[in-house]
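See structure below.
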Amino acid sequence: MHEVKSTIGEHTITFQSGKLATQANGSVLALMEGTAVLSTACCAPENSDIDYLPLQVEYNEKYYAAGKIPGGFLKREARPKDREILISRLIDRPLRPLFPKFLRRDLQIVPTTLSSDPAFVPDTLAINASSAAVMVSDVPFEGPVGAVRICYVEDKYLVNPSIPQMEQATLDIVVAGTEGGIIMVEGGAKEISEEILLGALKQAEQPIAELCRLQMELVKLCGKEKFTIEEPEAKLSWEKELREYSGPRLQQACFVKGKHNRSNAIRQIAIDATEKFSDAIEEEEQHHVGEIIEDIEQQIIRESILNKKVRSDGRAPDHIRDISCDVAILPRAHGSALFTRGETQALVSTTLGTVYDEQILDDIAGDRRERFMLHYNFPPFSVGETGRLATGRREIGHGELANRSLRSSIPIKEQFPYTIRVVSEVLESNGSSSMATVCGASLSLMQAGVPIERPVAGIAMGLIKEENQYVILSDILGVEDHLGDMDFKVAGTERGITGFQMDIKIKNIDSKIMQEALEQARVGRLHVLNEMNKTLSSYEKKLSQYAPRIVTFRVNPENLGILIGPSGKTIKSINERFTVNTNIDDDGSITIYSSDSKSGEEAQQAFLKLLEEPEVGKVYQGTVKRIVDFGAFIEFLPGKEGLCHISKIAERRINSVSDVLQINQEIPVKIIEIDKLGRVNLCVVDEQGNPVASQSNHNSEYAPRSNYRSHSSRERSRSTPRHHRR
């Protein structure tokens, strides 16, 4: 076994190879504190017939790593969880650009978390382990790649912080790169400035370089010789003529207005070129026509941007497409918005739910609940295609980016005790549907009445760079993402950044470009926010009539037993009586969910009455529970009864209580006395709260009052020792 180690931040990272999974092309066990990730790289012996790198990254977590058994009926790890998919994407993105262009062999990287320290997230360790596994293998790779997490906590940058430290951070990003520069950034923040983000990227450079050095040291100890990739010798006799024929036509087609019009025009040129040179083009060479056409298209668009500052849709580099916003377009949704920017459109809805709608997460990080969810859907019709309606890695990744961008703006549970689900349906796509989702979600949340302090908007930026010449692009199109050198998305409020994702497709970019790009993104974000504010600039103060109503209050935790009752009898009774759901927490917090405000408020009063103490002179709405010869026992508060003597029931003399009162009859009563034993005496009152019985009735010779005990005194007597009773 071979081992290397180094201190990164405050923790030691160790790479081991040669002991585990030795039949893989490459395998490395990475360790940090109590976390261990084994990553393997396996490559097929021959190229496949496809024209791209068939790379699979399958990150997985074992429950035994955290000393847990999977919950539910299935006790075996099954399909990947969202967390595993997101970390798989996090590993894939910095590694994929560094494989040779003509590598076409099936390649699978499998990082597995074997041991999990609850104080740390294993994502950056998995990136480093995966890079190291490829480095020691025989697979050609222009690495290594190092990855670190940078947090900004109390005006300090922390490298690979613990989870408790991350929870206190105003900036939390994962940065991956090579010794030459940064390749990928992903993270969230709480309205931080561009300067703080740039400082975090600068802080990541040294530990990334050290991780790359550590991997190279491991390669020297046990690295395999890399196999060679034979680049195809595409000496096509007809290529020059095809370029001369297609070039001038593509100069026009690349700037046709409209995504599909432009695509159709370019496709027609490829069809015409294939027909024109059909005699010279062999059947097995036909796929090269599309490659050559795409290469010419790339050259034309990049040269136009670099030299003329004109993009394929005619915009200037910093110009943002036309924006339109509509809200409340779905009549039954609790909140809805339609955000359209150019040919990208997102229909976003917000649904408000109760605590029973929270998402329960069960993984090695521990059981927890999420009360804010954002789901992103990208149906094939959004790009004019047919296909399966499914939730893939792209949907999960884009949804998480939008979720992270909005998460810091969601009010805390004590301020807004609703569970919130946002769903984005991408109806059209031509560049950055994830940022359109952020904008549409912000509008939808505000229209639903969610009290977010400030709207959130997002913008996708791009880069075209040739040697020392470069142009930064705002609000990129799909073709500019495909043919460009960088794709980075920035979301935030007018005060600062809340979400960030960057992928660089070239070797590296310097800090000057990053600084300019962030400033251009800030200006663009403010422009988008201004357009959004024209439609809705603050949250609605009134919830939708279809949204559930929530009433919250607190009581002394010692009194919770009274509210719940034996075997939950009391709370069930109130829930059924008012058609509500009630959640009681151990700290005395009580939350009532109802379909309308009136039901919730009435249920709240019913609970509070259970705790209310009788008060002399106060009028209550009572219910007749028992009738005796000398009067009636009336329940004036839940579980509390008092005696209304026959002389205090009516304004005239009556011979029988049953002549005036019936069991379960509701009547207004006033407490006139609470004696030393806690017994309550009542009288019937009129609408003004005055006793209905006359003074003469009070002095009449009724039957002598019998001894009785009220509900409260009965309870007291049961808890009093027998020798203390009288």
Legend entry - Test result for residue 672, closer than 30 Å to residue 683 by Cβ, modelled with pLDDT of 90 or more and surrounded by 14 or more Cβ atoms within 10 Å (Cβ to Cβ): yes
Legend entry - Residues satisfying the stated conditions in the range 436-464, i.e. open to solvent by 10 Å² or more (accessible area, probe 1.4 Å) and touching a helix residue (DSSP H, G or I) at 6+ places or on another chain (Cβ under 8 Å): 455
Inset, instruction - Go through the range 314-332 and give me each residue that's open to solvent by 30 Å² or more (accessible area, probe 1.4 Å) and not β-branched (Val, Ile, Thr). - result: 314, 316, 318, 319, 322, 324, 326, 328, 330, 331, 332
Inset, instruction - Could you give me the residue pairs with C-beta distances under 7 Å whose first residue belongs to the range 216-229 and is open to solvent by less than 70 Å² (accessible area, probe 1.4 Å), whose second residue is part of a helix (DSSP H, G or I) wherever it lies, and which are 6+ apart or on separate chains? - result: 218/132; 218/136; 219/135; 219/136; 222/136; 223/135; 223/136
Legend entry - the range 385-408, residues that are open to solvent by 20 Å² or more (accessible area, probe 1.4 Å) and small (Gly, Ala, Ser): 387, 390, 392, 408
Inset, instruction - Examine the range 414-422 for a residue that is at pLDDT 95 or above and under 21 Å from residue 528 (Cα atoms), and state whether such a residue exists. - result: yes
Legend entry - Entirely in the range 487-590, the strands (runs of 3 or more DSSP E) that have 3 or more residues that are open to solvent by less than 30 Å² (accessible area, probe 1.4 Å): 497-504
Inset, instruction - Counting only residues that are touching a Pro at 6+ places or on another chain (Cβ under 6 Å), give me the helices (runs of 4 or more DSSP H) lying completely in the range 116-226 with at least 1 of them. - result: 123-136, 194-222
Legend entry - Restricting the range 248-287 to residues that are in contact (Cβ under 8 Å) with a residue 40 or more places away in the chain and part of a loop (DSSP other than H, G, I, E, B), the residue that is farthest from residue 383 (Cα to Cα): 280
Inset, instruction - Please name all residue pairs, on different chains or six or more residues apart, with Cβ atoms under 6 Å, provided the first residue is in the range 386-410 and is closer than 15 Å to residue 441 by Cα and the second residue is aromatic (Phe, Trp, Tyr). - result: 398/376; 399/376; 410/372
Inset, instruction - Kindly check whether there is at least one residue in the range 577-594 that is without any contact (Cβ under 8 Å) to a residue 40 or more places away in the chain, under 27 Å from residue 661 (Cα atoms) and not small (Gly, Ala, Ser). - result: yes
Inset, instruction - Assess whether residue 22 counts as being part of a strand (DSSP E or B) and modelled with pLDDT of 90 or more. - result: no
Legend entry - Check on residue 46, open to solvent by less than 80 Å² (accessible area, probe 1.4 Å) and either among the aliphatic types (A, V, I, L, M) or within 19 Å of residue 108 (Cβ to Cβ) (or both): no
Inset, instruction - State whether one or more residues within the range 647-669 are open to solvent by less than 50 Å² (accessible area, probe 1.4 Å), in contact (Cβ under 8 Å) with a residue 12 or more places away in the chain, more than 25 Å from residue 573 (Cβ to Cβ) and in a strand (DSSP E or B). - result: no
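The values are calculated or read from the model by the stated rules, or taken from the named source; none is laboratory data. Since the model is a prediction, treat every value here as computed from it, not as a measurement. Every residue, glycine as well, gets a Cβ built from its backbone with ideal geometry; the counts of neighbours run over all protein chains shown. We work out accessible area using only protein heavy atoms, side chains counted, and drop any ligands, DNA or RNA first. Shrake-Rupley method; radii C 1.70, N 1.55, O 1.52, S 1.80 Å.
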